[in-house]
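Got a structure for you, questions after.
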Amino acid sequence: MNRQVPKNYTIIGDGKVARHIRHYFNLVGISFNQWQRSQSIKQLQQSVAQTDIILLLISDDAIEKFIQQHNFLQDMDLIHFSGSLMLDKAFGCHPLMTFGQELYDLKTYQSIPFVCDDGVEFNTIFPQLDNKSFAIAKKNKAYYHAMCVMAGNFTQILMRETASHLTSELDLPKDILFSYLLQNTKNFINNPENSATGPLDRGDFSTINKHLNTLQGDALEGIYKSFLKFSNILIQQQSYPRVCGDQESSEKQGVRLHGNEKSLFKEQSQ
């Protein structure tokens, strides 16, 4: 446990992130002031007058304008939790976590890694928290955040839409994917490099074509093809021959995809 002098905080905002951080602070025993837009500016001034650090837990596109509109904040230590925002008057400490409607337990909050702007000392800002922290250059924040969004938000959208399709098209229960998705996540955590399975990983050309045929005209067709294209790129990077997503393009490229990566080889078109 860190034993540095505790800080005084004002949390600005009342969205999901603000509610989760307030709950985390309460669980740990960190005192704080809070302010939201329904309160007066005078109340904000009174809160920050007793504060060492201000946490700007409002939407990304509102943070810079909020600082500009409240001049008395500009000489204070301002921290935002945006993963992509780069500001001169506020520093970033991004909690790499998804925050839903339900609040979490202490163990979950303590497991959250924080990715901070280079030069920001997480332990100095939050001496009573024991979360792991990392630092990246501001110029790399957009790339970092894009990776996070694809890993988490894109996955959520895809899970939601595939589950919806199974329910609406095949009358399967809404929770039918749950155990499958949970085990996939566990497998990835246990062995990230070797957890992938399925026709793209096996090089199952016949199954891939069946999928593409049945998805024609479906909103998910483009997503399947995009993943197939990305899979091709990965295979090329691993010095394997190009894998084509349909029979016609396969014949043009003169490539056949067989049952696993070891049996990939290039054939001349007849």
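Somewhere in the range 154-172, is a residue among the β-branched types (Val, Ile, Thr) and touching a Lys or Arg at 6+ places or on another chain (Cβ under 8 Å)?
yes
Something else about it: Would you pick out the residues in the range 205-239 that are modelled with pLDDT under 90 and either farther than 21 Å from MET150 by Cβ or not assigned by TED's automatic domain parsing to the domain that holds MET150 (or both)?
If the condition is that a residue be modelled with pLDDT under 90 and either farther than 21 Å from MET150 by Cβ or not assigned by TED's automatic domain parsing to the domain that holds MET150 (or both), then PHE205, SER239 are the ones that fit.
Considering only residues that are outside any loop (DSSP other than H, G, I, E, B), in contact (Cβ under 8 Å) with a residue 24 or more places away in the chain and either of a type in the set (D, E, K, R) or farther than 16 Å from VAL17 by Cα (or both), which ones fall in the range 90-130?
Within the range 90-130, PHE91, CYS116, ASP117, PHE122, ASN123, THR124, ILE125 meet the criteria.
For ILE11, state whether it is modelled with pLDDT of 95 or more and part of a loop (DSSP other than H, G, I, E, B).
So ILE11 does not fit the description; no.
What are the residues in the range 174-204 that are in contact with a helix residue (DSSP H, G or I) (Cβ under 7 Å, 6 or more places away or on another chain) and modelled with pLDDT of 90 or more, if any?
Residues satisfying the conditions are LYS174, ILE176, LEU177, LEU181, SER195, PRO199.
Which condition number does GLN128 fail, the rest of (1) loosely packed, with under 12 Cβ neighbours inside 10 Å; (2) of a type outside the set (Val, Ile, Thr); (3) within 19 Å of ILE11 (Cβ to Cβ) being met?
Condition (1) is where GLN128 drops out.
A follow-up question, please. When the residues of the range 139-150 are filtered to those that are surrounded by fewer than 16 Cβ atoms within 10 Å (Cβ to Cβ) and not aromatic (Phe, Trp, Tyr), which remaining residue is farthest from LEU87 (Cα to Cα)?
Top of the filtered list is MET150.
Then there's this: Residue check: is VAL149 closer than 29 Å to TYR24 by Cβ and either outside the structural domain of ALA196 (by TED's automatic domain parsing) or in a loop (DSSP other than H, G, I, E, B) (or both)?
no
Yes/no per residue for (1) exposed (fewer than 14 other Cβ atoms within 10 Å of the Cβ); (2) out of contact with any strand residue (DSSP E or B) (no Cβ under 7 Å at 6 or more places or on another chain); (3) of a type in the set (Val, Ile, Thr):
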residue: LYS7; (1), (2), (3): no, no, no
residue: SER31; (1), (2), (3): yes, yes, no
residue: GLN46; (1), (2), (3): no, yes, no
residue: ILE63; (1), (2), (3): no, no, yes
residue: GLN69; (1), (2), (3): yes, yes, no
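The values are calculated or read from the model by the stated rules, or taken from the named source; none is laboratory data. Computed from a predicted model, the values in this text were never measured in an experiment. So basically every Cβ, Gly included, is an ideal-geometry build from the backbone, and we count neighbours across all protein chains shown.
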